[in-house]
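Everything on this sheet refers to the single structure shown next.
All of the numbers you see were taken from the coordinates with simple rules; none came from a lab. Bear in mind the structure is a predicted one, so any value in this text is a computation, not a measurement. Backbone-built Cβ (ideal geometry, glycine too); neighbour counts: all protein chains shown.
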Amino acid sequence: MTPISTGQQTQARTQQAATRRIETLRIARAHLQTPVLYYTHPDTGRRIMIVGMHHTGAPEYYAEATVLIDRFAAAGGVVQCEG
């Protein structure tokens, strides 16, 4: 077995954290991350997507959220939002 350096261990943990499902707000590497959750009704198969938002994001954050929402709507999803 090849030993793993501390830097490699840190990088591996960072990659694992990046692929884990986010269920609440979290801070990773000085970035606030918000969850995108999908639920499927067991009988009808109807899906909902909940996009966690915060109001202090960079323009790129909102651009990525818009892409997710647009794809969901294009696939027949109904978009509802607060406000």
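By counting other Cβ atoms within 10 Å of each Cβ, how are Val51, Val67 ranked from fewest to most? The partial results should precede the final answer.
Values: Val51 16, Val67 10.
Fewest-to-most ranking of Val51, Val67: Val67, Val51.
Report the relative contact order of the stretch 22-83, percent, no decimals, based on alpha-carbon pairs under 8 angstrom and at least 6 residues apart.
Numbers: 50 pairs, mean separation 12.2, N = 62.
Relative CO of the stretch 22-83 lands at 20 percent.
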Self-check item: Inter-label distance for Thr66 and Ile48, nm, one decimal - labels placed 7 Å from Cα along Cα-to-Cβ
Solution: 2.6
